[in-house]
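The values are calculated or read from the model by the stated rules, or taken from the named source; none is laboratory data. Fair warning: this is a prediction, and the values are worked out from it, not measured in the lab. Neighbour counts are summed over all protein chains in view; Cβ atoms, including those assigned to glycine, are modelled from backbone coordinates with ideal geometry. With ligands, DNA and RNA removed, areas are computed over all heavy atoms of the protein, side chains included. Shrake-Rupley method; radii C 1.70, N 1.55, O 1.52, S 1.80 Å.
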Amino acid sequence: MSDQVLVLGGTGEARRLAATLLADGVDVLSSLAGRVADPVLPEGPVRVGGFGGADGLAAWLAEHSPRAVVDATHPFAARITANAAAAAAAHGTPLLRLQRPGWTAQPGDAWRHVDSLAAAAEAVAGYRSVFLTTGRQGVGAFAGLPGRVLVRSVDPPDEPLPAGATLLLDRGPFSVADELALMGEHAVDVVVTKDSGGHLTEAKLTAARELGIPVVLVSRPPLPAGVETVATVEEALDWLRLRPPAAGGRPRR
């Protein structure tokens, strides 16, 4: 077993974890799926591109024998999370899921929770102007919407857009003032988003609350059974400190 820690994901939590571990002298390899054209890269060594599913990741683990794997991918990266769980179990590698909490409704919020993008599309079919902020993947579920649809994503979607769509390519964080102005400019009367959690894209929820606009929130996919999960980078660091490096590995501060 090596002293290396494999961190999966391009989230803010993944970058913070990698930076802290590197500062502690830990050998860290960050792995990004490569789905974003111009990702924000973490500090230290980075691997871009998939492993080839659960079997490919299991083979990588067998070859490199990292001390642990931390899955800090996006809360909706269900396939990667499932592959990580299967590969770690097959190789006996300690695995931790680092997943930030979802959003919590505040007084004045009008949220409707749905289980899928298809259900979200059905829920907003009667609105005149939809603000769609679910990312580029799965946009095709909304292709049949009859009204105006403002689609915001980091990269252009590969799937068909609604006939009345306006595509806005942009990356957070966004301010409440900017979100208020954007929703006013496009006369938005409903917001659709995934329950990603975190502060980088939370401003749209605050703006919707201030404007009295309802929000359709797509619930997170379930996590694989038996995978230990924490909500913060600090908890992940504590978990890793309970798993010391192999004999001869570099000591940590």
| query | Is it true that Ser196 is open to solvent by less than 60 Å² (accessible area, probe 1.4 Å) and over 30 Å from Trp60 (Cα atoms)? | reply | no
| Subset of region 104-122 that is under 21 Å from Gly197 (Cα atoms) and assigned to a helix (DSSP H, G or I) - its residue that is most open to solvent (accessible area, probe 1.4 Å) | Ala118
| request: Output the residues belonging to region 145-160 that are more than 22 Å from the chain's Cα centre (by Cα) and open to solvent by less than 70 Å² (accessible area, probe 1.4 Å). | output: Leu145, Gly147, Val149
| remark: Scanning region 183-200 for residues that are under 19 Å from Asp155 (Cβ atoms) and modelled with pLDDT of 95 or more, the one farthest from the chain's Cα centre (by Cα) turns out to be Val192
| field | Per-region count, region 31-56, residues of a type outside the set (A, V, I, L, M, F, W, C), within 22 Å of Ala90 (Cβ to Cβ) and either modelled with pLDDT of 90 or more or touching a helix residue (DSSP H, G or I) at 6+ places or on another chain (Cβ under 8 Å) (or both) | value | 7
| query | Among the residues of region 201-217, is there at least one that is modelled with pLDDT of 95 or more, surrounded by 15 or more Cβ atoms within 10 Å (Cβ to Cβ) and touching a Lys or Arg at 6+ places or on another chain (Cβ under 6 Å)? | reply | yes
| said: So His91 ticks every box in (1) touching an Asp or Glu at 6+ places or on another chain (Cβ under 6 Å); (2) free of Cβ contacts under 8 Å to residues at least 60 places away in the same chain but one. Which box is left unticked? | reply: (1)
| query | Inside region 75-103, can you point out the residues that are open to solvent by 60 Å² or more (accessible area, probe 1.4 Å) and touching a strand residue (DSSP E or B) at 6+ places or on another chain (Cβ under 9 Å)? | reply | Ala89
| Qualifying residue in region 225-242 (condition: over 24 Å from the mean Cα position of the chain (by Cα), open to solvent by 80 Å² or more (accessible area, probe 1.4 Å), under 22 Å from Val70 (Cβ atoms) and not β-branched (Val, Ile, Thr)) | yes
